[in-house]
Structure formats: structure tokens, C-alpha cells
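The values are calculated or read from the model by the stated rules, or taken from the named source; none is laboratory data. Everything numeric here is computed off the predicted structure, so don't read it as measured data. Cβ coordinates were reconstructed from backbone atoms using ideal geometry, including for glycine residues, and neighbour counts include every protein chain displayed. Note: accessible area is taken over every heavy atom of the protein model, side chains too, but ligands, DNA and RNA are not part of it. Shrake-Rupley method; radii C 1.70, N 1.55, O 1.52, S 1.80 Å.
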Amino acid sequence: MSAKVPRNFRLLEELEKGEKGQGSDACSLGLDDGNDIMMTNWNGTILGPPHSVHENRIYSVKLHCDEQYPDVPPTVQFLSRINLPCVSQEDGKVDPTKLQCLGNWKREYTMETVLLELRRFMASGNNKKLPQPPEGSTF
Amino acid sequence: MALPKRIIKETERLVAEPVPGIQAIPHDDNLRYFDVSIHGPAQSPYEGGVFKLELFLPEDYPMTPPKIRFLTKIYHPNIDRLGRICLDVLKANWSPALQIRTILLSIQALLGAPNPDDPLANDVAQRWKEDEPGAIATAREWTQTHAAP
């Protein structure tokens, strides 16, 4: 078994990957408050996948990493309105039981894992054709 | 998980022969993860403060340096808002001959000798160059506010 990276150093790695632009082009990630030494709240964006109703849209999400992250998954909430089966139409919260990577969370997963899986979910089967609220509307 | 002998030895020595003004205690559930405290050096703006840090020895330590950051807020040109430290021995000048002990001593020395020409916190470094007495006064205030023992 390998060394277990503690929460804060894991979050620093995720932050630095974002700062150095080493992450995926399809999403971005940053700290909500650059002074928050505990790095609890994050802002993410997801670029809507091509060949779907989401193409060219940019979705904003909030992620919350509590003290037990990454032993437990972050909580995720859309700020941009979106019609997607795993997203509550009341407040934009992502239902962890309806997204594979949250429901079957593994410690090696990152916030980027979650953003990219949400993007794949937008492009899958019926989801890519669902009618969407006006672009730019928010919860 | 077997802990490398090198880490066991270093930890034993840190506990048996602690460095004055420095404490490093491993977590019970992760022996590569240490709670650290460093006393601000005398005659520095950090004198009288006790600063908390966290230190982690990555899988390939000692081939790569320890990861370390401040948890206590500190006003210093080489330490940023998230407590990350700009110090050559933590990066390009790391050598496996260095140890946890020597790194913590280097950080304590950095508190005594801020280096605004190699900044990590640019706003702090700029102030340090333009108004050193003012910057030192702010560093003292922050020490009293955030690092009271």
C-alpha cells in the first residue's frame, strides 16, 4: 500500500494542477476564497460537450470538500440552470446516487473526475437531447 | 504499510532530541504526516509567536522533498496566503542528505531572514522593499493576532 496523501496536500495538488493549466481543457477549477487555508469551497466550470444541446454553453458549479475529503466525495451544486437527471431542479444539487463516480467514490478520484463525468453524462444517450433552460440562467 | 527505516529513524530522533523551538509529531493514523510547530526566532517580527505547520513525506521521500506548509496565517514575503513556502531546499536544491530536521531549521531561519527578492507573496514582497519598517510592523501585528501561543 502506498503513502496516503492527507486531505490538505491532496487539495493543494488539485489547486496547483489548475493553476499550472495541466488539467483538462473541458473544465476548470479554482478556490472560491484564495485566503481560505482549509480550501473548503471551490468553483468549477464545465464546457458543454459537442454534438449535444449543451454545446458551447459554460456551466458553473460549486464544490464543497469537507474535512473527510478525499475519503468521502465532494458535494456538487450547479449554479447555472441545467436540465439533467442527476441535478435537482430546485437548487441545482447533484444527487450522488445518480452519478457513478460520486455513488461509488474512490479515494484516488479528484474534483476533476467529477466535472469530467458530469460532462460525459451531459453527452450520453437521451441527456444530450433534453430541452434546456435559457443559456445563462441560474438557480 | 511498512514505513521505511529512514523515516522511523528520523522520527525517533525528532522525538528523542528535539530541536529547540521546533516540534514535529506524527499522526497516529498516518506516520508520514506530521503536526509541526515552530517558534518565531528572537529579534524577528515573528518573535513570541508559535506557528503551526503540516508536513507530509511523499511516497518517494527522501528522493523527493517533504511537502510542508503553514497553517497559521503569517505575513512574510516567501509564504503565500495558503501557507505555501518558497524555499530552495524544498524544491531545486533538495538533496536526500537533508532531513525533516534540517528543513524545519531552514524554515525557522527563513522567518529570521525574509527574502523579498525571491517572493511567493508578491504584494508582501513589494511592501517589504518599499516600506520595510511598515512591513515589519504588519508582520508583528499578524504574529500577535494569529500566532499567540
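Key figures
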| read-out | value |
| --- | --- |
| Inter-site label distance for A:N126 and A:Q22 at 7 Å from Cα along Cβ, in nm | 4.1 nm |
| Rounded to whole Hz, the Karplus (6.51, -1.76, 1.60) HN-Hα couplings of the stretch A:85-96, x for glycine and proline | x, 8, 10, 5, 7, 7, 10, x, 5, 8, 6, x |
| Per-residue mean of C-beta atoms belonging to partner chains within 10 Å, peptide B:79-86 | 3 |
| Listed peptides B:66-77, B:41-52 by packing density, highest first (mean Cβ within 10 Å) | B:66-77, B:41-52 |
| Compactness relative to 2.2 N^0.38 Å, alpha carbon Rg of the stretch A:7-126 | 1.01 |
| Solvent exposure of the stretch A:30-72 as accessible area per residue, Å², 1.4 Å probe | 48 Å² |
| Nearest 10 degrees, 0 to 90: helix B:100-112 Cα axis against chain B principal axis | 0 degrees |
| Peptide-level mean, for B:56-65, of C-beta atoms on other protein chains within 10 Å | 2 |
| Cα long-axis angle, helix A:7-19 against chain A (0 to 90 degrees, to the nearest 10) | 60 degrees |
| Computed lengthening from B:N30 to B:K52, 0.36 nm per intervening residue step minus Cα-Cα distance | 6.1 nm |
| Projected label distance in nm at A:T45 and B:D117, using a 7 Å step from Cα toward the beta-carbon | 3.9 nm |
| Extended-chain gain in nm, criterion 0.36 nm per residue less alpha-carbon gap, A:K93 and A:T75 | 5.7 nm |
| Flagged links, alpha-carbon separation over 24 Å, of B:K52/B:K129; A:K17/B:K9; B:K9/B:K67; A:K4/A:K106; A:K62/A:K98 | B:K52/B:K129; A:K17/B:K9 |
| Integer Hz, Karplus 6.51/-1.76/1.60 couplings in order for the stretch B:125-138, x for Gly and Pro | 4, 4, 4, 4, 7, 7, 8, 4, x, x, 5, 5, 5, 4 |
| Residue mean of other protein chain beta carbons inside 10 Å, A:5-18 | 3 |
| CD proxy at 222 nm, helix term only [per DSSP H run n ≥ 4: -39500 (n - 2.57); per residue of chain B; nearest 500] | -10500 deg cm²/dmol |
| Relative packing of A:67-78, B:19-30, which averages over residues the other C-beta atoms within 10 Å, highest first | A:67-78, B:19-30 |
